[in-house]
Amino acid sequence: MLTAFIIFWPLIAALVLFAARPANTRMPALVAALIELVVSLILAAQFVNNEAVQFLFNKPWISSIGISFSVGMDGISLLLVLLTTILVPLIILSTFNSTSTKPHTFYGLILLMQMALVGVFTAQDGFLFYLFWEIALIPIYFICLIWGGNGRGRITLKFFIYTLAGSLFMLAGLIYLYFHTEGVHSFDLQALYQAGRSLPESEQSILFWAFFIAFAIKMPVFPFHTWQPDTYTVAPAQGTMLLSAIMLKMGIYGLIRWLVPMVPMGVHAWGYSAIVLSVTGIVYASCIALVQKDIKRLVAFSSIAHVGLISAGLLTLNKIGMQGAIIQMLSHGLVVFALFYIIEIISERAKTRVISELGGIRNVAPVLTTIFMIVMLGSIALPLTSGFVGEFLLINSLFQYQMLLGAIGGLTTILGAVYMLRAFQRMMTGDTNKVTALMTDLSSTEKLVLFPVVAMIIILGVYPGPILAISEPAVNNLIQILSDFTTYVKP
Amino acid sequence: MNALYILCGLGVLSLVAEIVSIKRGLLFFLTVGIAVAAGVAVMDWNSTQSYFSDMVVFDNFALAFTILICILTVFWFWMSRSYFHNETHVTDQAALVLFAVVGAIVLTAYNNMAMLFLGVEILSLSLYVLAGSKRENLFSNEAAFKYFLMGSFATGFLLMGIALIYGASGLFHIDRIAAFAASNTGNLPGFFYAGIVMIMIGMAFKISAVPFHFWAPDVYEGSPTAVTAFMSAIVKVAAFAAFTRMFAFCFASSYTSWLIILQVIMILTLVIANITAVVQTNVKRILAYSSVAHAGYVLLALVSTGNSAGVILYYLAAYASASLLAFCVLIEHENQTGDLSIKSFNGYFKANPFLSVALIIALLSLAGIPPLAGFFGKYFVFSLALNQGYVGLVVLAILTSLAGVYYYFKIIVALFSDPEEARVIPLSASTRFLLWILFLVTVGLGVFPDLVNVL
């Protein structure tokens with residue numbers, strides 16, 4: 001019941017904002033997001049740590065074609081729901097310093113987005129999953145289109161069509177599986193699992209690509225990433241935060257929840273190719289990030305590199321890789337949120353995002369510099385930050401899988417250190433110039449947003465045990481399913 | 001059938017109103033009358049009745065489409081008040097529209113080739129006049145003339161086909177022809193099949209399938225916008241009801257002879273209409289091509305045998321409601337600005353948020369974005385086709401619908417681009433209410449698609 005509540009609550013809140021158009025929209029939006037956070041924390045407290053799907057809510061919806069409104073959470077879902085419900089209030093809070101046009105539309109769309117994200121992470125019905133997956137696209141598209149920068153019309157349309165194209169192939173795959181479910185056809189997750197696993201390897205391979213492309217576009221994995229840098233750059237700060245911190249996790253979650261258990265033989269057959277693509281993306285995106293002049297674009301490319309590592313580690317299908325993927329999803333969400341927010345703060349004050357035009361910010365804004373430092377260290381996976389735990393596990397799993405891939409994947413950390421430290425050095429150290437001389441340090445609202453995130457980055461890095469424990473039963477279950485299916489042959 | 005009587009009565013009444021010059025409140029009265037007709041049709045549900053020695057059969061199929069047409073007509077009268085008030089001959093035009101609706105309903109319920117022909121002609125003749133009802137406008141005249149020429153050409157094909165079928169079977173009744181064809185498979189004369197193809201061509205003109213669609217964009221663009229809305233929603237529904245009755249029921253047993261032709265027509269319709277729409281710069285013209293393109297998706301449902309009637313009904317209901325919603329915005333926009341190019345919508349969202357949201361919802365539904373009605377329409381069609389093993393056709397339909405997303409979104413992007421000439425458009429409470437209703441229908445059909453799951 002509470003699961004249904006955390007899906008519908010943001011929707012109701014958004015509709016109320018659209019309809020009532022209160023003079024001050026920020027506070028109601030923030031309160032709505034905080035209520036959502038509290039409820040999700042209650043759910044986390046009630047969560048029993050085993051592999052079962054909990055808090056199930058199942059009502060028949062379109063019974064003529066076997067679609068039901070079925071939502072629930074296991075450990076993996078719970079962690080991602082928590083990531084969403086923690087970050088959305090912070091995203092709303094991060095707007096408190098700036099004024100936007102049409103605020104009720106803006107906050108309403110953010111809350112709609114939250115509804116769709118929570119829906120994606122909790123859906124236990126294939127059709128419902130697809131529906132939320134697509135609905136998530138609409139608010140973020142309009143956030144980018146209405147409040148985006150120059151060239152937003154063309155860039156956001158590319159983004160929209162790109163992601164829609166991917167998900168339509170996923171839809172075709174889902175319908176195909178639906179017609180292979182036993183007895184009365186249904187979109188129930190377990191029925192789809194059974195249907196997928198009963199197919200021969202050749203068909204599973206086709207389905208693997210139909211799903212993988214949809215997920216790969218969302219993350220994005222090389223070579224399906226071409227929409228991403230432009231969209232991240234043109235989107236308003238809050239849009240970029242939503243896209244990078246939460247929305248790309250939809251793709252990784254899709255891999256874990258839908259692709260791997262549904263077509264295990266397809267994953268065994270083609271997983272290697274997918275890993276090679278992901279690892280290629282790591283090197284490719286890192287190299288491009290090295291030469292970026294715009295700090296926002298740099299972080300966008302670094303995000304491709306990090307996500308590439310997550311998907312590669314995940315597809316090695318060993319336990320360390322999967323656990324690493326889950327913790328790194330959370331860590332990346334926190335880090336990239338903080339990074340984009342810091343970039344927004346700097347560019348708002350300096351009126352530029354070009355790295356070479358900035359410099360000496362440390363002299364005028366020490367608190368900002370310290371925060372940026374910690375977040376950046378989290379991004380380049382320094383020990384005792386959350387990034388370290390995730391990247392260590394992921395690279396470890398890649399090494400176990402194949403030495404060479406592990407070595408190449410390890411480049412993320414090295415190249416990441418290079419471009420991030422260089423950017424940090426140029427922007428923050430040295431003498432102030434006329435652009436940065438008048439910059440002020442963090443305001444109290446900005447501190448309110450950044451301090452909890454930084455705290456979480458450090459806590460996750462020092463003591464990741466509880467988080468890993470939440471997802472462990474679900475991951476074990478997944479490993480069990482995979483080993484039941486085929487003996488895994490290393491390429 | 002009672003619904004048909006009521007509509008005929010309303011048409012005649014509207015003509016009489018001209019003589020006794022009662023114009024005030026006439027439109028409201030007609031709208032209520034049509035709503036009553038819809039109610040009467042609902043009461044007849046599940047009672048299959050035939051009239052005039054089986055020439056018309058009101059089974060559930062006919063009733064479902066009749067109800068849909070009546071409801072759409074109510075909405076249409078509601079949104080087209082300005083059209084009637086700007087022209088002098090309110091009563092004549094209202095009567096013509098009502099007679100067109102009568103023709104449309106005959107097309108859903110015919111059980112005889114003669115009734116099919118009558119239905120087509122009643123519908124078309126009224127439309128020819130309506131298309132040209134902006135008498136001083138050159139484009140409107142062109143539209144009427146073009147429509148008339150092409151339409152009569154199509155009717156010629158249709159008649160020729162009917163004659164050939166009659167020559168082969170000696171029958172006019174649809175159900176008897178179906179039985180005759182089923183029992184004589186293999187030894188039917190060649191001209192029976194020629195007749196089927198002729199009828200298919202004649203009807204393909206009416207549903208504006210490629211390559212018989214050339215009239216559609218020009219006629220849609222030239223006609224008064226309200227008439228375009230009528231053609232794209234109500235006429236489309238009727239034409240497809242007729243098409244389904246003919247090919248899913250009458251010629252079902254001899255499908256091997258026409259299936260491949262229909263598939264080719266379908267592929268052409270999807271590809272050419274969607275690609276041509278991409279380069280259009282006028283919103284009305286984009287909607288015209290989109291209407292042609294949507295015919296392609298319905299044809300995909302038709303070529304997938306099985307329970308296609310229910311899917312087609314849902315698809316058309318979803319398409320028509322979204323289409324009316326879009327046209328409702330266009331009519332308001334045109335009344336104020338007189339311009340329907342994409343450019344005239346630049347920066348629209350800032351000045352007219354409500355109209356913009358309505359237009360966006362309509363376009364999202366037409367593009368097939370969940371959870372709106374248009375998405376489920378496409379979903380049902382695709383899953384029907386996949387169930388029949390038409391994987392290639394579904395992939396093609398998916399790709400063309402992506403092109404669709406592109407041209408619908410071109411309009412949406414314009415709404416948010418930097419304002420150039422954005423003007424605030426005043427909305428009456430009644431229009432606002434209508435937009436809300438159509439909006440809720442589009443969303444409601446999507447969230448509860450089982451509501452229309454009656455066939």
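The values are calculated or read from the model by the stated rules, or taken from the named source; none is laboratory data. On a predicted model such as this, the values are computed, not experimentally measured, just so you know. A quick note on method: Cβ atoms are made from the backbone with ideal geometry, for glycine too, and the neighbour counts reach across all protein chains shown.
For the reader, a short list of remarks on this structure follows.
- Any hit, segment A:119-129, residues being part of a helix (DSSP H, G or I) and under 15 Å from B:F416 (Cβ atoms): no
- Lone unmet requirement of (1) surrounded by 23 or more Cβ atoms within 10 Å (Cβ to Cβ); (2) under 28 Å from A:Y341 (Cα atoms); (3) not small (G, A, S) for A:L82: (1)
- Residue in segment B:435-447 that is of a type in the set (G, A, S), facing chain A (nearest Cβ under 10 Å), under 25 Å from B:L302 (Cα atoms) and out of contact with any strand residue (DSSP E or B) (no Cβ under 6 Å at 6 or more places or on another chain) present: yes
- Just one of the numbered conditions (1) touching a residue at least 12 places away in the same chain (Cβ under 8 Å); (2) within 13 Å of chain B (Cβ to nearest Cβ); (3) closer than 28 Å to A:I282 by Cβ is not true of A:I161: (1).
- For segment A:171-184, the condition of being surrounded by fewer than 24 Cβ atoms within 10 Å (Cβ to Cβ), more than 11 Å from chain B (Cβ to nearest Cβ) and in contact with a Gly (Cβ under 7 Å, 6 or more places away or on another chain) holds for at least one residue.
- Criterion (within 21 Å of the chain's Cα centre (by Cα) and more than 9 Å from every other protein chain (Cβ to nearest Cβ)) met by exactly one of B:L384, B:L325, B:L355: B:L325
- When A:A19 is tested against (1) in a loop (DSSP other than H, G, I, E, B); (2) surrounded by fewer than 20 Cβ atoms within 10 Å (Cβ to Cβ), exactly one condition is not met: (1).
- The C-beta contact set for segment A:82-104 (first residue more than 19 Å from A:L442 (Cβ to Cβ), second residue among the acidic types (D, E) and surrounded by 19 or more Cβ atoms within 10 Å (Cβ to Cβ), distance under 9 angstrom, 6+ apart or interchain) comprises A:T84/A:E36; A:T85/A:E36; A:V88/A:E36.
- Unique match (being surrounded by 18 or more Cβ atoms within 10 Å (Cβ to Cβ), under 19 Å from A:I467 (Cβ atoms) and out of contact with any strand residue (DSSP E or B) (no Cβ under 6 Å at 6 or more places or on another chain)) among A:S40, A:S94: A:S40
- Test set (1) in contact with a helix residue (DSSP H, G or I) (Cβ under 7 Å, 6 or more places away or on another chain); (2) part of a loop (DSSP other than H, G, I, E, B); (3) of a type outside the set (K, R) - B:V106 fails condition number: (2)
- Some residue of segment A:187-209 being touching a strand residue (DSSP E or B) at 6+ places or on another chain (Cβ under 8 Å) and away from chain B (no Cβ under 14 Å): yes
- Number of residues in segment B:104-114 that are surrounded by fewer than 23 Cβ atoms within 10 Å (Cβ to Cβ) and either among the small types (G, A, S) or under 13 Å from B:A238 (Cβ atoms) (or both) equals 1.
- Those residues of segment A:200-214 which are under 30 Å from A:H306 (Cα atoms) and surrounded by fewer than 21 Cβ atoms within 10 Å (Cβ to Cβ), in sequence order: A:S205, A:I206, A:W209, A:I213
- Test: residue in segment A:135-154 that is within 9 Å of another protein chain (Cβ to nearest Cβ), touching a helix residue (DSSP H, G or I) at 6+ places or on another chain (Cβ under 9 Å), closer than 28 Å to A:S205 by Cα and in a helix (DSSP H, G or I): yes
- Qualifying residue in segment B:409-430 (condition: under 30 Å from A:M170 (Cα atoms), more than 24 Å from the chain's Cα centre (by Cα), modelled with pLDDT under 90 and of a type in the set (G, A, S)): yes
- Scanning segment B:358-378 for residues that are within 11 Å of another protein chain (Cβ to nearest Cβ) and out of contact with any Pro (no Cβ under 8 Å at 6 or more places or on another chain) yields B:I360, B:I361, B:L364, B:A367, B:G368, B:I369, B:P370, B:P371, B:L372, B:F375, B:K378.
- Only one of the numbered conditions (1) more than 23 Å from B:V311 (Cα to Cα); (2) touching a helix residue (DSSP H, G or I) at 6+ places or on another chain (Cβ under 8 Å); (3) not polar (S, T, N, Q) is not met by B:Y5, and that is (2).
Each row is one residue, and each column tells you yes or no for (1) in contact (Cβ under 8 Å) with a residue 24 or more places away in the chain; (2) surrounded by 23 or more Cβ atoms within 10 Å (Cβ to Cβ).
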| position | (1), (2) |
| --- | --- |
| A:S198 | no, no |
| A:A216 | yes, yes |
| A:Q228 | yes, yes |
| A:T233 | yes, no |
| A:T240 | yes, yes |
| A:I246 | yes, yes |
| A:K249 | yes, yes |
| A:G254 | yes, yes |
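- Residue list for segment B:247-263, filter: modelled with pLDDT of 90 or more and over 15 Å from B:S304 (Cβ atoms): B:I261
- Within segment B:60-104, tally of residues that are free of Cβ contacts under 8 Å to residues at least 24 places away in the same chain and acidic (D, E): 0
- Meets criteria (touching a residue at least 60 places away in the same chain (Cβ under 8 Å), aromatic (F, W, Y) and within 12 Å of chain B (Cβ to nearest Cβ)) for A:F129: yes
- Residue pairs meeting the criteria (Cβ under 8 Å; at least 6 apart or on separate chains; first within 10 Å of B:V329 (Cα to Cα), in segment B:340-360; second among the β-branched types (V, I, T) and at pLDDT below 90): B:L355/B:I425
- Some residue of segment B:335-351 being in a helix (DSSP H, G or I), hydrophobic (A, V, I, L, M, F, W, C) and under 19 Å from the mean Cα position of the chain (by Cα): no
- Among the helices (runs of 4 or more DSSP H) confined to segment B:200-288, the ones with at least 1 residues that are free of Cβ contacts under 8 Å to residues at least 40 places away in the same chain are located at B:255-278.
- Members of segment B:154-191 that are touching a residue at least 60 places away in the same chain (Cβ under 8 Å) and either of a type outside the set (S, T, Y) or in contact with a strand residue (DSSP E or B) (Cβ under 8 Å, 6 or more places away or on another chain) (or both): B:F172, B:H173, B:I174, B:D175, B:I177, B:A178, B:A181, B:A182, B:L188
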